[in-house]
1. Which cysteines in the chain lack any other cysteine whose Cβ sits under 4.7 Å from their own Cβ?
2. If you place +1 on the Cβ of every Lys and Arg and -1 on the Cβ of every Asp and Glu, how big does the dipole about the Cα centre of the chain come out, in debye to the nearest 20?
3. So with the 1.4 Å probe, I'd like the accessible area per residue for the chain, rounded to whole Å².
4. Between I11 and E46, what is 0.36 nm times their sequence separation minus the Cα-Cα distance? Round to one decimal in nm.
5. Could you give P(r) for the chain, binned at 5 Å from zero, as whole percent values over all Cα-Cα pairs?
Amino acid sequence: MGVYKTEEGEIRQVDIICPHMGCQLSWNSDEQSWDCPCHGSRFDVEGNLLDDPAQEGIQCSGIQE
């Protein structure tokens, strides 16, 4: 799991396995996104798909601190 804390203090926990081919995502602090090093898919802090080749987002759960 990957964890991101918003400026408001809300925690976002996401599955860091890319749905495209199963590579492990890494946090891109410059772009504030979860990026796949294998094929370039990108996801926002909510797990929404930003860039292909993945066809779906990743699972995210919001947890209030």
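1. C60
2. Working: 3 positive and 13 negative charges, 50 e Å.
Rounded to the nearest 20 debye, it is 240 debye.
3. Working: 4090 Å² over 65 residues.
Accessible area per residue: 63 Å².
4. On the way: separation 35, 0.36 × 35 = 12.60 nm, distance 1.02 nm.
Separation in residues times 0.36 nm, less the Cα-Cα distance, equals 11.6 nm.
5. The calculated distribution, bin by bin, is 4, 21, 32, 24, 12, 5, 1.
The values are calculated or read from the model by the stated rules, or taken from the named source; none is laboratory data. This one's a predicted model, so the numbers in the text were calculated from it and none came from an experiment. Positions of Cβ are generated from backbone atoms using ideal geometry, with glycine treated the same way; all protein chains shown enter the neighbour counts. Quick note on the areas: whole protein, heavy atoms, side chains included, nothing else; ligands and nucleic acids left out. Shrake-Rupley method; radii C 1.70, N 1.55, O 1.52, S 1.80 Å.
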